[in-house]
Amino acid sequence: RSYWKILLFVSLIFFSLAIILNIFEEVSFFKDIDVNNLYPIFLTLLTAPSIVYETFPFIFFISTQFFFIRLMDKEELDIFKKVSLSNAKLIGILSFSSLVISLILITIFYNLASNLRFMYLEMKNKYSGDNKYLAIVTENGLWIKDEIDGFTNIINAEKIDGVFLKKVTINQFSKNFTNIKNI
């Protein structure tokens, strides 16, 4: 239970950092656009869960470190050894807890975060230059969504080399997102 509390606390800290850091980006994007002052905050709240999801490996690592520091500070490791709870068994309990939490995060939190991220991109796209185009750089490369003549094109470049895009894939969809062709 102590590990879960520490994990929740560290997750909340990372969530707060994601909000603080992303709000500056949103305010900068909307500085010349006439929108409600709360709109950048709302967009930040939509994208923060996906940012936190990407940092969960670090959250688990930091939480585990704090958990063991807490155990050592309170000398609970000695107590565990006296009641025949070995370090291996303690690590097994932490591993099982992390596995359960990870499965919950992957099945529930990921879906929620990706849906919120999609809403974020759709809402922010309304304020892009031509209201039909949005580009995002992720760990999977460059992603561009473009609408031309009633078709939606999703363009992915796996690598950016200077001014050149490498390993480019273009998927063309109809208005109801039926795949028409892949280039």
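Descriptive notes on the structure:
- Selection of first residues in the stretch 88-99 that are charged (D, E, K, R) and of second residues that are at pLDDT below 90, restricted to Cβ pairs under 9 Å at least 6 apart or on distinct chains, gives the following pairs, ordered by first then second residue: Lys89/Phe80.
- Screening Phe61 against (1) at pLDDT below 90; (2) closer than 30 Å to Thr138 by Cα leaves a single unmet condition, (1).
- Only listed residue being within 30 Å of Asn140 (Cβ to Cβ), surrounded by 15 or more Cβ atoms within 10 Å (Cβ to Cβ), over 19 Å from the mean Cα position of the chain (by Cα) and at pLDDT below 90, chosen from Phe30, Phe109: Phe30
- Residue match in the stretch 88-102 (condition: closer than 20 Å to Ile13 by Cα and not β-branched (Val, Ile, Thr)): yes
The values are calculated or read from the model by the stated rules, or taken from the named source; none is laboratory data. Note that the coordinates shown come from a computational prediction; the quantities given were computed from them, not determined experimentally. Cβ atoms come from the backbone with ideal geometry, glycine included; neighbour counts cover every protein chain shown.
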